[in-house]
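Asks: Before we start, here is the structure in question, set down as structure tokens.
Nothing in this text is a laboratory measurement; each read-out follows from the coordinates by a stated rule. Keep in mind that this is a model prediction, so the values were computed, not measured. Here the Cβ positions follow ideal geometry from the backbone for every residue, glycine too, while neighbour counts run over all protein chains shown.
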Amino acid sequence: MIRLEKRPTPSRAWALSTPIIAVILTMIAGGLMFAALGKDPFEVIRVIFWDPLFSERFAAFSRPQLLVKAGPLILIAIGLSLGFRAGIWNIGAEGQYIIGALCGAAFGLSFYPSESPLIFPGMVIAGLLGGTLWAMIPALLKIKANTNEILVSLLLVYVAEAILASAATSWLRNPDGQGFPGSRNLSRHAGTENPIPLEGLDVLGGFFDLAHVGIFAAMAAVIAAYVLFQKHLLGYQIKLAGQAPRAAKFSGVSPALMVVLCLGVSGALAGVAGLFEVSGPAGQITIDFNVGYGFTAIIVAFLGRLHPVGILFAGLLMALTYIGGELAQLLLQVPGPAIQAFQGMLLFFLLALDVLSNYRVRFGRGGAA
Amino acid sequence: MTTPLLDIRGLTKAYPGVVANDDVSFAIAPGEVHALLGENGAGKSTMVKMIYGLVKPDSGTMALNGAPYTPSEPRAARNSGVAMVFQHFSLFEALTVAENIALGMENPPKPRDLSERISSVSKAYGLPLDPESLVGDLSAGERQRVEIIRCLLQDPKLLIMDEPTSVLTPQEVEILFHTLRKLSAEGTAILYISHKLEEIRTLCDEATILRLGKVVGECTPREVSAAQMAEMMVGKSLAVPARAATEPGAVLLSVNNLTLPAASPFGTSLKEVFLEVRAGEVLGIGGVAGNGQDELLAVISGERRAPAGSITFKDVDISTDNPNSRRNAGLLSAPEERLGHAAAPDMSLTENAVLTGQARKKLAKNGFISWTRARAFADDIIEKFDVRTPGNATAARALSGGNLQKFVIGREILQDPEVLIVNQPTWGVDASAAADIRQALLDLAEGGTGVIVISQDLDELLEISDRFCALNEGRLSDPRPARDLSMEEIGLMLGGAHGMEEAHI
């Protein structure tokens, strides 16, 4: 019989090595799946993990995409990690992402056709505020009416999608767009475009060629979160509230403040991630503007063990499997669902192995009574 | 000599870094009340866990009625006739007594039959209990009866009781002892774990004394004095806490007609509580668990806010202040539950030092924690209060109960409180550590601090308090000078046997 014994203190060695083991196990299990689909497993895995970064044919195109995809995931996941550490579950980052993008875009477009350099900073603030306000709905309902923030924040995603659809088709629709849904293009208009500081400089291996301001914001968020958790009283209180709510109350941490803070910060970061996307890679508000970054970021936050540096790597890995997955679909005709299953395996193995850092596996004879 | 009921030979159990039981041997005869005595960490719990099949011994043998006995799990132990009443009850508050008992049975009989059996067992052993009442409405003493009856329904040959009297009033203890004597007269052996020496002297036939995992003595408790047993248990003579008589100073903290509804359905509401603590005095608050102790501490610590005007500290109304501003003013507290309330189990001792020390010890500047200062504070507590731990990075849950309690109490005392309120400061703490903690509280009072000690250990309260009052169903009795009180009077202040007379047969 196999038994699990709780370790007195979590094992650091296991905590550090499980992600690597999980990736290896995913490659083995995924390889078997691809083989069963009649594809050469080694080739598929090479196309997913290696080619986007190092093949001569694809790296030039794929490398810059990596950060573009990873940026919003990391930015949102960092925000979510605050709440997840405190036991406050914001599942509605997707909604906050949409509202942030809408607020930022609406702000920017309201000054059209001005090209003032003050517009973009204003859009960033509008994005932050939009996401925050959207997240305050579950926060205040939780504090005042003791509702469940998981349900409220999740359901508000669908409200946000409805608002997005109305914006794209009516009140933010491009007046010069011949009636097609969708707003004016923000990324092709000076003043509202999301700048790409290193564009055309051909530095850092090409990874930063398309890195817009949001990518740097994500990096800054990683550092800020690291400092918050390691050094700041607030990070300590967040951790305390999540691990021992009664001890946190005893210590003087206000549960209501934690709810407002955690939902507020995650909403703000999701909102600004939306703004960076709509003014950059996406370019405009469309009906299907949101592509699930808000949900995938939940996975990224857990893959990274709610640790800022972990989230950074998890976001990059997730982005890599997306880019590599698309490449595998294109080149080897691997079906899309198989790629999703492959990503699911990664999460599964990581979380399953996570048990090992907190528990010790004992093999012993099981006695039946 | 007849074959012993349970014969334990050379039982050894080692955990990484510590030998919990080292070559322990003793025997229990049928019908014998056998005490297992020892400080916290002496290995009592590990010992009974092995007997009850929760832990497997590394070496050594056990024999039950002469046959080898190797329980692989509690169910096997129960089937062999070994039952155990744990210190912490495992009952569902929202279910009735009968439903709770049925949940613990392998093959529960029909509800009606079960209720009848519960009633008949409770009558036969003088344990008054209504099978249909909700556990949430029961006092701690009554809950314990549920656990005992649950065991008795299995007709055990050996009943293990882990610190059973810690939650009872003196009158309830009497009822319990009556039951246990009756069981023993019928041939049920009882393994009685306690560190209350007087109880053991009243109840037990034989005692095995453990220290650091080894048997250090056996005695017949009736024939030796409590002091002798204590000496064997601790390995040195215990100092009785001493203090110089001081005149109480000005009133520091006063609670004025505080009424506060319960925060949860099975919590206790505080009703018209008046309380005053003067500088330099120890106010003892007795009471059976669940009569408002947690609530009183929470409202004084600031964890729950009170209506304006009901709590005054140094002539300032602090009723609506948060815990940290109260700490800054000099009002500190230590709740009963160490893991999860007074300390965060998975956090290191350093992090736990920040838990309450942050405000008063200035462990954070502009919100940035100085881990250097926090570590120094943790090390200070560890050193001054003799906390046995590999270091300040150890997680709180890895410490034994007594060591963690020393840490928690030390953390508050080293912040120089003006008023300190503690709940159950020595609960589950070994005798010498308990004596240290009591001495530290007395020293604190001598230095001019007003100390409130909430405890269920009446001997402790009588030993250290200047004035004594009792909490009963959320009401606080008028304080009385502690030195003139008899146990009988205290029992009545605590609400007697909570309206439960011993059932007459």
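Asks: Could you please report the charge total around A:Ala244, scoring K, R as +1 and D, E as -1 over all other residues with beta-carbon less than 14 angstrom from its beta-carbon?
Replies: +2
Asks: Calculate the radius of gyration of the Cα atoms of segment A:69-165 to one decimal place, then report Dmax, the largest Cα-Cα distance, as a whole number, both in Å.
Replies: Using the Cα atoms of segment A:69-165, the pair Rg, Dmax is 14.6, 46 Å.
Asks: Can you give the FRET efficiency to the nearest 0.05 for B:Ser133 and B:Glu247, using r as the Cβ-Cβ distance and R₀ = 56 Å? Display every interim value, and only then the final one.
Replies: Values: r = 49 Å, r/R0 = 0.87.
About 0.70, to the nearest 0.05.
Asks: Within 10 Å of each candidate Cβ there may be at most 12 other Cβ atoms; applying that plus a DSSP loop requirement, which trypsin sites (Lys or Arg not before Pro) in segment A:143-201 survive?
Replies: Within segment A:143-201, the qualifying trypsin sites (Lys or Arg not before Pro) (loop, at most 12 other Cβ atoms within 10 Å) are A:Arg188.
Asks: What are the ³J(HN,Hα) values, in whole Hz, obtained from phi via the Karplus relation 6.51 cos²θ - 1.76 cosθ + 1.60 with θ = phi - 60°, for each residue of segment A:293-307 in sequence order, with x given for Gly and Pro?
Replies: The phi angles translate into 4, x, 7, 4, 4, 4, 5, 4, 4, 6, 4, x, 6, 6, 9 Hz.
Asks: Can you work out the FRET efficiency for the pair A:Phe180 and A:Phe111, with r the C-beta to C-beta distance and R0 = 22 Å, to the nearest 0.05?
Replies: Result of the calculation: an efficiency of 0.45.
Asks: Hey, another quick one. With +1 on the Cβ of every Lys and Arg and -1 on the Cβ of every Asp and Glu, and nothing else charged, how large is the dipole of chain B about its Cα centre, in debye rounded to the nearest 20?
Replies: 1320 debye
Asks: D for segment B:324-408, whole µm²/s, Stokes-Einstein with Kirkwood Rh over alpha-carbon pairs at 4 °C and 1.567 mPa s: what number?
Replies: Estimated via Stokes-Einstein, D reaches 101 µm²/s.
Asks: Give me the net charge of B:Asp205's neighbourhood, meaning all other residues with Cβ under 14 Å from the Cβ of B:Asp205; Lys, Arg count +1, Asp, Glu -1.
Replies: Result for the neighbourhood of B:Asp205: -2.
Asks: I would also like to ask the following. Under the Karplus relation 6.51 cos²θ - 1.76 cosθ + 1.60, θ = phi - 60°, what is the ordered set of whole-Hz ³J(HN,Hα) values for segment B:412-418, x standing for Gly and Pro?
Replies: Per residue, the Karplus-derived 3J(HN,Hα) values read 6, 5, 6, 8, 6, x, 8 Hz.
Asks: Can you check how the C-alpha radius of gyration of segment A:75-312 compares to 2.2 N^0.38 Å, as a plain ratio?
Replies: Compared with the compact-globule rule of thumb, segment A:75-312 sits at 1.04.
Asks: A follow-up question, please. Based on the Cβ-Cβ distance from B:Glu186 to A:Asn146, what FRET efficiency comes out when R0 is 51 Å, to the nearest 0.05?
Replies: The pair B:Glu186/A:Asn146 has a calculated efficiency of 0.45.
Asks: Please report the projected area of segment B:6-234's Cα convex hull averaged over all directions, in nm².
Replies: 12.2 nm²
Asks: Could you tell me the extents of the protein assembly as shown's C-alpha atoms along the three principal axes, largest first, rounded to whole Å?
Replies: Over the protein assembly as shown, Cα extents along the principal axes are 100, 69, 54 Å.
Asks: Can I ask one more? Taking the Cα centre of the protein assembly as shown as the origin and placing charges on Cβ (Lys, Arg +1; Asp, Glu -1), which of B:Leu420, B:Ala434, A:Leu204 is farthest toward the positive end of the dipole?
Replies: Sorting the options by dipole projection puts first A:Leu204.
Asks: Here's another thing I want to ask about it. Going by amide H atoms built from the backbone, whose H comes under 5 Å of the H on B:Ile452, apart from near neighbours?
Replies: B:Leu283, B:Leu420, B:Ile421, B:Val422
Asks: Then there is this: Which part of segment A:265-309 falls in the paramagnetic zone of A:Phe348, meaning amide N under 18 Å from the point 7 Å along Cα-to-beta-carbon?
Replies: A:299-300, A:303
Asks: Determine which residues of segment B:151-170 fall in the zone a paramagnetic label at B:His178 would reach in this model, i.e. backbone nitrogen under 18 Å from the point 7 Å along Cα→Cβ.
Replies: Correct set: B:165, B:168-170.
Asks: As I understand it, the dipole of segment A:75-312 uses +1 on the Cβ of Lys and Arg and -1 on the Cβ of Asp and Glu, about the Cα centre. Which of A:Gly310, A:Gly191, A:Phe107 lies farthest toward its positive end?
Replies: Result: A:Gly310.
Asks: Still on this model: Would you calculate the separation in nanometres between label points at A:Ala29 and B:Leu212, each defined as 7 Å from the Cα along the Cα-to-beta-carbon direction?
Replies: Distance between label points: 4.9 nm.
Asks: Could I ask something else about it? With 24 Å as the limit, write out which pairs from B:Lys49/B:Lys196; B:Lys44/B:Lys406; A:Lys239/B:Lys314 have Cα-Cα distances beyond it, or answer none.
Replies: From B:Lys49/B:Lys196; B:Lys44/B:Lys406; A:Lys239/B:Lys314, over 24 Å: A:Lys239/B:Lys314.
Asks: Show that you can apply the helix-only estimate: for the protein assembly as shown, add -39,500 (n - 2.57) for every DSSP H stretch of four or more residues, divide by all residues, and state [θ] at 222 nm to the nearest 500.
Replies: Taking each H run of at least 4 residues, the total per residue is -15000 deg cm²/dmol.
Asks: Oh, and also: For chain B, build the convex hull from the C-alpha positions and give me its volume per residue in Å³. If you can, show how the numbers build up before the last one.
Replies: Numbers: hull volume 74.7 nm³, N = 505.
In chain B, the Cα hull volume divided by residue count equals 148 Å³.
Asks: With +1 on the Cβ of every Lys and Arg and -1 on the Cβ of every Asp and Glu, and nothing else charged, how large is the dipole of the protein assembly as shown about its Cα centre, in debye rounded to the nearest 20?
Replies: Values: 71 positive and 85 negative charges, 420 e Å.
That gives the protein assembly as shown a dipole magnitude of about 2020 debye.
Asks: Using just the Cα positions, wrap segment B:74-181 in a convex hull and report its mean projected area in square nanometres, one decimal place.
Replies: Over every viewing direction, the Cα hull of segment B:74-181 projects on average to 6.2 nm².
Asks: Other chains near B:312-324: what is the mean number of their Cβ atoms within 10 Å of each residue's Cβ?
Replies: 1
Asks: Treating only the Cβ of Lys, Arg, Asp and Glu as charged (+1, +1, -1, -1), what charge dipole size does segment B:298-402 show about its Cα centre? Round to the nearest 20 debye.
Replies: In total the dipole reaches around 280 debye.
Asks: So what are the ³J(HN,Hα) numbers for segment B:121-132, from phi and the Karplus equation (6.51, -1.76, 1.60; θ = phi - 60°), rounded to whole Hz, Gly and Pro as x?
Replies: 5, 5, 5, 4, 10, x, 10, x, 6, 9, x, 8
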